[in-house]
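J.: Quick one: structure below, then a few questions.
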Amino acid sequence: MTYCVGLRVQEGLVLLADTQTNAGLDNVSRFTKLFTFEKPGERVMTLLTAGNLSITQGVIARLRYGIQRGAQDPSHPTIMSVESLFEVAQLVGAEMRRMQDENRESIVNQGTSADASILLAGQRKGGKHRLFLIYSAGNFIQATDDTPYFQLGEHKYGKPILDRIITPKSSIEECMKAVCISMDSTIRSNLSVGMPLDLAVIEKDAIAFRTRKRIEKDDPRFAAISESWAKALRKGFEELPNLQED
């Protein structure tokens, strides 16, 4: 399985994805699920993927091929040339539909799910920073102030911290800590999600990545956040009032 999370707040975008893929207890692999595209000063984007790996890898490959084709033929629309992030979401959705139309029947006939989903986050010069959730059918929705984050995959373990902490006014630093805690909670409760992790941070109007890094299992900062959160939870639990009086 997979866990990916994307936050859109007033200060920018914070994205985090695990790299573990599980096709059975004896078939665990690592695959990148966070992909970045950047033309500094013009546009910056991140795609996070979950679901059937052949479908999502096919979508990414076709988007990259489209960029190469667009370099030779400027009239060909690509995710690096269209005028808005909404149009980028349309292109990603179209490639998702194409992959589903070509492969879904044969995949399902083999007893495997063909479902997949993608988070698109980014900003184009002159536009707003935006976050989209694109479904298997190619349709999509956009994050708003009422719903400032999206999750893919094994989302239930990491959702409570986001619901309690994240608001549109949350700072980038708070968001980075929140996604790490959300991921740590998921890793602790689900063996199909695991390290290393890929992190991307885009500050509003910077039109470039502030952070784009891999967090390995022995990363000291991630370990410190994990342990501090565990201690805070234990301390908070111990301080809860008893349900009944003694």
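J.: So is Ala200 within 28 Å of His129 (Cβ to Cβ) and at pLDDT 95 or above or not? Break it down stepwise before answering.
T.: Working: within 28 Å of His129 (Cβ to Cβ): yes; at pLDDT 95 or above: yes.
It is true that Ala200 is within 28 Å of His129 (Cβ to Cβ) and at pLDDT 95 or above.
J.: Shifting gears a bit: With respect to the numbered conditions (1) crowded, with 17+ Cβ neighbours inside 10 Å; (2) modelled with pLDDT of 95 or more; (3) under 14 Å from Val5 (Cα atoms); (4) of a type outside the set (Gly, Ala, Ser), which one is the sole condition not fulfilled by His155?
T.: Single failed check for His155: (2).
J.: Looking only at the stretch 216-237, which residues are assigned to a helix (DSSP H, G or I) and charged (D, E, K, R)?
T.: Answer for the stretch 216-237, where residues must be assigned to a helix (DSSP H, G or I) and charged (D, E, K, R): Arg221, Glu227, Lys231, Arg234, Lys235.
J.: I'm checking my understanding of the structure. Among residues of the stretch 151-186 that are assigned to a loop (DSSP other than H, G, I, E, B) and among the small types (Gly, Ala, Ser), which one is farthest from Ile202 (Cα to Cα)?
T.: Per the stated criteria, the residue is Gly158.
J.: Would you say Lys213 is assigned to a loop (DSSP other than H, G, I, E, B), under 17 Å from Cys4 (Cβ atoms) and of a type in the set (Lys, Arg)?
T.: no
J.: Looking only at residues that are touching a residue at least 60 places away in the same chain (Cβ under 8 Å) and among the charged types (D, E, K, R) in the stretch 108-165, which one is farthest from Ser192 (Cα to Cα)?
T.: For the stretch 108-165, the residue satisfying everything is Lys125.
J.: Being over 14 Å from Ile134 (Cα atoms) and buried (at least 17 other Cβ atoms within 10 Å of the Cβ) is the filter; apply it to the stretch 38-51 and report the residue that is nearest to the chain's Cα centre (by Cα).
T.: In this case the residue turns out to be Met45.
J.: Within the stretch 33-58, track down each residue that is more than 27 Å from Glu203 (Cβ to Cβ) and free of Cβ contacts under 8 Å to residues at least 60 places away in the same chain.
T.: Leu53, Ser54, Gln57, Gly58
J.: Take the stretch 133-150 and flag every residue that is surrounded by 22 or more Cβ atoms within 10 Å (Cβ to Cβ) and in contact with a helix residue (DSSP H, G or I) (Cβ under 7 Å, 6 or more places away or on another chain).
T.: Matches in the stretch 133-150: Ile134, Tyr149.
The values are calculated or read from the model by the stated rules, or taken from the named source; none is laboratory data. Quick caveat: nothing in here was measured; it's all calculated off a predicted structure. Glycine gets a Cβ as well: all are built from the backbone with ideal geometry, and neighbour counts include every protein chain shown.
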